[in-house]
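Written out below as structure tokens is the structure these notes cover.
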Amino acid sequence: MLYIIPLFLIIGCSNAIWMLNLNAVTTEPEAKLEHAAIPIKDGEAKNLVDLAESLGLSILVKALEETGMDNVIDHEGKFTLFAPTNEAFKRIPEWAKDLPLKEVLRYHIARGLYYDKDLQNDMKLRTLLTKRDLRINLYDNGQTILAGGKRINGSNYEAHNGVLHLLEDVIVSIPARHGTVIHQLRRCPVFSDLVELIDKAGLDEALQTHGPITFFAPSNDVIRKLPPDVIKHLVDDPALLKEVLTYHVLSGTFYSPGIKDGMEGTTMQGKSLIFSIKDGEVIINSKTKVTSADSNASNGVIHSIDNVLIPPQIQAKLKRRILKKSRAFSFQ
């Protein structure tokens, strides 16, 4: 299974405080994770918080109580609660614990009642976090269901005021309001060179309005590994630059669980990317690695990569141009 840290969290694009002391919470055995509805028996109806407690989700219950969210979902509804297990909370890395707990919880609660049969690929659910929708994705013919990029491992646990689905991990990648792909990239200084190239190519609007999309984003350090002549020729030729950048964009939302070994995806540029999985890492076109996966955006998902993707035909064109000036040139 692939576990890659979202780059947006590593670089500290959030400055609020994680308030939950996980060590202070007593944990109980969790329910077996399975896709099976728990019917409500007469006289035994539970609200969502009580249901979570009966399933052994003690850390989630404590978090709901500390933030007052238990009262919100008890007195309103119906809701769909995407409930991280105790083990999911324990796996939250240190770098993610600066996130505001109440916002994290709000992002796990959708307004309305959604059983797994109601979930469709790339549908967006309205959450309790203002102007942030939660994206649902289905892979493997519907056998793999993700919410916010995290796998649902048990579904359809019923309460009188909603339904609960168990999550394998806590959703910690939360986009800004109206946080499209380009907006999210602009928030993070490590992508400033990429954003500048996007602006020069006139792609801002496309990355703002198109969706859902998957964007493979090279950081400043990656772009600066390119030979200076390559950068200059691309900047001087916006049409060529646009082709290179759109080669980094797939139509549709492909979180890491949806990227399969041998998968081929057609880019916005028109040519295909070929994916492989080696030692748990996603590899693109045999040599480019996904270094940081599954950063949420309102119109898709962003993966950071360790090379700039350049179509072979454009590599050949750039090489011919540059060789006119120098005989010592090669792509990495």
Among the residues that make up the range 223-233, is at least one of them open to solvent by less than 70 Å² (accessible area, probe 1.4 Å) and modelled with pLDDT of 95 or more? yes
Looking at the structure I just gave you, is GLN269 touching an Asp or Glu at 6+ places or on another chain (Cβ under 7 Å) and open to solvent by 20 Å² or more (accessible area, probe 1.4 Å)? yes
Given (1) open to solvent by 30 Å² or more (accessible area, probe 1.4 Å); (2) closer than 20 Å to ASP193 by Cβ; (3) touching a Pro at 6+ places or on another chain (Cβ under 6 Å), where does ASP306 come up short, assuming only one miss? (3)
Which fully enclosed strands (runs of 3 or more DSSP E) of the range 75-185 have 3 or more residues being crowded, with 23+ Cβ neighbours inside 10 Å and among the hydrophobic types (A, V, I, L, M, F, W, C)? 79-84, 162-167
Residues that are at pLDDT below 95 and of a type in the set (D, E, K, R), drawn from the range 117-131: LYS131
For residues that are part of a strand (DSSP E or B) and over 13 Å from PHE254 (Cβ atoms), scanning just the range 283-295, find the one that is farthest from the chain's Cα centre (by Cα). THR288
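The values are calculated or read from the model by the stated rules, or taken from the named source; none is laboratory data. Every value quoted in this text rests on a predicted model; they were computed, and no experiment measured them. Note: ideal-geometry Cβ built from the backbone for every residue, glycine included; neighbour counts use all protein chains shown. What goes into the accessible areas is simple: the full protein's heavy atoms, side chains included, and nothing from ligands, DNA or RNA. Shrake-Rupley method; radii C 1.70, N 1.55, O 1.52, S 1.80 Å.
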